[in-house]
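See below for the structure under consideration.
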Amino acid sequence: MSRILLHLRGIGLTFGGRPILDGAELSVAEGERVALVGRNGSGKSTLLRIAAGLIEADSGERWVQPGITIRYLPQEPDLSAHATVRDYVEAGLGPADDPHRCSYLLGELGLSGDELPARLSGGEIRRAALARVLAPQPDILLLDEPTNHLDLPAIEWLESELSALRSAFVLISHDRRFLENLTNRTVWLDRGASRRLERGFAAFEGWRDEVLAKEEAEQQLLAKRIAAEEHWMRYGVTARRKRNMRRVELLGSLRRQRKEHVGQQGALRMAASAGDLSGKLVAEAVGLSKSFGDTPIVSGLDLLIMRGDRLGIVGPNGAGKTTLIRLLTGQLQPDGGTIRLGTNLQTVTLDQSRQSLDPNATLADVITDGRGSSVTVNGETKHVVSYMKDFLFPPEKARTPVGVLSGGERGRLILARELARPSNLLILDEPTNDLDLETLDMLQEMLADYQGTILLVSHDRDFLDRVATSVLMAEGNGKWTEYAGGYSDMLAQRGAGVEVRKVRPEPARSSSSAPRSEAPQPQRKLSFKEKHALETLPGTMKSLEAEIATLESRLADSSLFARDPAAFDQAAARLAAARTELSHAEEQWLEIEMKRESLEG
């Protein structure tokens with residue numbers, strides 16, 4: 001029998017008067033790789049922090065095998081106390097650990113170690129934190145959403161690295177494929193308590209459904225027993241007084257049992273508001289090309305998108321996936337080639353970056369766009385509070401500011417807002433971010449019933465397999481290739497995924513080494529001005545395109561010059577200026593967007 005390394009027993013924790021954990025348990029033995037699963041808000045991250053010894057439970061026991069090492073990866077690592085990334089990573093080493101392993105991991109994760117923490121992007125912070133917890137090769141790894149902010153090659157590298165480790169680990173993740181490939185035990189945190197399955201996540205969902213079905217059957221049986229006892233109370237009180245008292249006590253006990261039962265959280269109900277039927281052709285690209293400076297983003301792409309297609313777009317961060325979508329939807333003009341759009345397109349974009357959410361707006365105002373108190377979905381009008389319940393928001397949250405919501409709640413809020421808008425073309429840009437597995441299941445079911453066309457950018461391999469009917473893969477140097485089927489089909493046809501980007505870090509410093517002179521640091525995240533430009537330039541470009549169309553229509557009037565030569569000259573001059581402004585705006589947007597994509601991962 002494997003040696004137990006960590007054991008949490010009877011863990012209870014209350015926050016703000018609400019019980020988060022109630023008798024939860026978690027044990028980790030040598031060789032065990034535990035998937036810790038549960039809905040958003042179920043207390044998974046809290047239990048992991050208790051396991052790491054970072055917070056103390058109100059009740060219960062935490063036992064750790066003497067002499068073992070534990071490393072914890074939080075969702076939001078803090079590097080602020082360290083001068084460089086290398087300092088941060090090496091600070092996680094023990095006295096006997098090899099600092100050269102830090103250099104290896106930093107290189108594999110695309111970092112040099114000389115980066116300044118204040119200038120890191122979200123993806124680089126995540127990579128640095130992974131290097132820190134992996135470098136010591138601890139006895140237990142506690143990993144909270146380790147794939148957040150990582151692109152596909154980094155996720156696949158991490159999966160391979162964890163598979164090769166001897167460490168036991170507990171893993172929280174919304175990436176179904178990641179969980180299936182790595183875990184051999186599952187702990188389900190549900191309504192404050194925990195249930196354990198001695199198998200990996202691949203077997204979890206079938207087992208969970210059996211547990212819930214059994215629980216429902218037990219509640220139905222309890223209801224029948226209560227009904228029978230209540231009937232006896234009304235019509236059968238004829239026996240001895242002592243027996244009568246026992247029956248009355250039994251009825252009271254059954255009623256308390258039913259009252260104290262905490263039912264499963266309501267099921268998410270999700271449906272997209274269908275727009276009018278689009279034309280059979282959605283988009284056709286012929287020889288499509290776009291470059292940023294000397295860097296080709298798209299080079300000679302021929303692509304046909306028909307109504308009902310589900311196109312997955314994959315590649316490393318910086319490949320230009322967002323730029324490609326803007327080209328395919330006519331929001332950005334190509335340098336070469338043509339793009340022909342179909343008729344009657346109604347486009348809705350799921351902006352999972354959360355940038356479009358005003359932190360001061362309330363949930364109700366976000367869902368209704370501040371217009372009234374009702375929502376119409378597929379011809380059915382609902383009060384906003386009723387519609388919120390479909391996305392698991394209680395009525396009292398209607399006036400809650402967006403700024404206090406968790407990442408998962410913001411994800412559900414964006415789904416609620418965008419799916420209420422009629423569409424026949426859905427653009428999904430990383431829709432799985434922060435969503436729990438149950439919400440992902442419902443989103444996949446909704447997309448399976450969706451009658452329109454889908455363009456999907458995602459790093460979630462399982463989600464791509466379930467949704468995409470073809471995958472457009474970034475091959476490098478502006479070349480894109482379409483493969484039939486989902487992500488797994490693409491791998492089978494192509495023979496490989498995408499390679500993780502690497503840099504060659506400098507050798508690890510010894511404690512006696514002289515400090516290196518600080519070299520100028522490249523920019524590691526977008527400035528406020530760049531972020532603002534990235535959000536506002538699309539509107540500017542759209543306004544310029546509309547102005548250009550109006551001016552072209554006006555100048556097409558052959559009588560304008562004869563009637564008013566000054567007005568003709570003025571319109572012609574403005575048309576030339578507007579075309580120049582549009583070209584500059586497009587180049588500026590493309591430059592910032594490419595920088596954002598390269599920094600993001």
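The values are calculated or read from the model by the stated rules, or taken from the named source; none is laboratory data. On a predicted model such as this, the values are computed, not experimentally measured, just so you know. Methodologically, a virtual Cβ is constructed for each residue, glycine included, from the backbone with ideal geometry; neighbour enumeration extends over all protein chains shown. Ligands, DNA and RNA are stripped out before the accessible areas are found, and what is left, the full protein with its side chains, is counted by its heavy atoms. Shrake-Rupley method; radii C 1.70, N 1.55, O 1.52, S 1.80 Å.
For segment 386-416, how many residues meet the condition of being closer than 26 Å to LYS321 by Cβ and open to solvent by less than 20 Å² (accessible area, probe 1.4 Å)? Here the count works out to 7.
A search for C-beta distances below 6 Å between a residue of segment 395-412 that is closer than 13 Å to ASP365 by Cα and any residue that is in a loop (DSSP other than H, G, I, E, B) and of a type in the set (Gly, Ala, Ser), counting only pairs 6+ apart in sequence or on different chains, returns VAL402/ALA361. For segment 171-183, the criterion of being outside any helix (DSSP H, G or I), touching a helix residue (DSSP H, G or I) at 6+ places or on another chain (Cβ under 9 Å) and open to solvent by 40 Å² or more (accessible area, probe 1.4 Å) is met by none of the residues. Against the condition surrounded by fewer than 16 Cβ atoms within 10 Å (Cβ to Cβ) and closer than 29 Å to LYS595 by Cα, how does LEU116 come out, does it pass? In short, yes. Selection over segment 274-319 of residues that are open to solvent by less than 40 Å² (accessible area, probe 1.4 Å), among the small types (Gly, Ala, Ser) and within 25 Å of SER423 (Cα to Cα) gives a count of 7.
Of the helices (runs of 4 or more DSSP H) lying entirely inside segment 10-111, those containing at least 2 residues that are touching a Phe, Trp or Tyr at 6+ places or on another chain (Cβ under 9 Å), modelled with pLDDT of 90 or more and not hydrophobic (A, V, I, L, M, F, W, C) span 44-51.
Matching residues to (1) assigned to a strand (DSSP E or B); (2) of a type outside the set (Ser, Thr, Tyr); (3) within 21 Å of ALA274 (Cβ to Cβ):
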site: LEU426; (1), (2), (3): yes, yes, yes
site: ASN433; (1), (2), (3): no, yes, no
site: GLU438; (1), (2), (3): no, yes, no
site: MET442; (1), (2), (3): no, yes, yes
site: LEU447; (1), (2), (3): no, yes, yes
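Among the residues making up segment 92-109, those that are surrounded by fewer than 21 Cβ atoms within 10 Å (Cβ to Cβ) and within 13 Å of TRP157 (Cβ to Cβ) are TYR104, GLY107. Looking across segment 149-164, the residues that are open to solvent by 10 Å² or more (accessible area, probe 1.4 Å) and in contact (Cβ under 8 Å) with a residue 24 or more places away in the chain come down to HIS149, GLU156, TRP157, GLU161.
Condition check ((1) among the basic types (Lys, Arg); (2) in contact with a helix residue (DSSP H, G or I) (Cβ under 8 Å, 6 or more places away or on another chain); (3) assigned to a strand (DSSP E or B)) across all residues:
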residue: SER291; (1), (2), (3): no, no, yes
residue: ILE297; (1), (2), (3): no, yes, yes
residue: GLY300; (1), (2), (3): no, no, yes
residue: PRO316; (1), (2), (3): no, yes, no
residue: LEU327; (1), (2), (3): no, no, no
residue: PRO334; (1), (2), (3): no, yes, no
residue: LEU357; (1), (2), (3): no, yes, no
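Residues being touching a Ser or Thr at 6+ places or on another chain (Cβ under 6 Å) and closer than 27 Å to ARG127 by Cβ are represented in segment 32-45 by at least one member. Taking residues in segment 38-63 that are acidic (Asp, Glu), and partners anywhere that are open to solvent by 40 Å² or more (accessible area, probe 1.4 Å), the pairs with Cβ atoms closer than 8 Å and at least 6 places apart or on different chains are ASP58/THR14; GLU61/HIS7; GLU61/ARG9.
Within segment 76-91, the set of residues being open to solvent by 20 Å² or more (accessible area, probe 1.4 Å) and within 11 Å of ALA118 (Cβ to Cβ) comprises SER80, HIS82, ALA83, THR84. Filtered by the rule that a residue be over 15 Å from LEU171 (Cβ atoms) and open to solvent by 30 Å² or more (accessible area, probe 1.4 Å), segment 28-51 gives GLU30, ARG39, ASN40, GLY41, THR46.
Being touching a strand residue (DSSP E or B) at 6+ places or on another chain (Cβ under 9 Å), open to solvent by 40 Å² or more (accessible area, probe 1.4 Å) and without any contact (Cβ under 8 Å) to a residue 40 or more places away in the chain: is that true of THR381 here? Taking the combined requirement at face value, the residue satisfies it. Among the residues in segment 470-493, are any of a type in the set (Ser, Thr, Tyr), open to solvent by 20 Å² or more (accessible area, probe 1.4 Å) and touching a residue at least 40 places away in the same chain (Cβ under 8 Å)? No, that holds for no residue. Can you confirm whether LEU472 is touching a strand residue (DSSP E or B) at 6+ places or on another chain (Cβ under 7 Å), modelled with pLDDT of 85 or more and part of a helix (DSSP H, G or I)? In short, no. Across segment 483-509, the qualifying residues are those that are over 24 Å from the mean Cα position of the chain (by Cα) and charged (D, E, K, R), and the one among them that is modelled with the highest pLDDT is ARG494.
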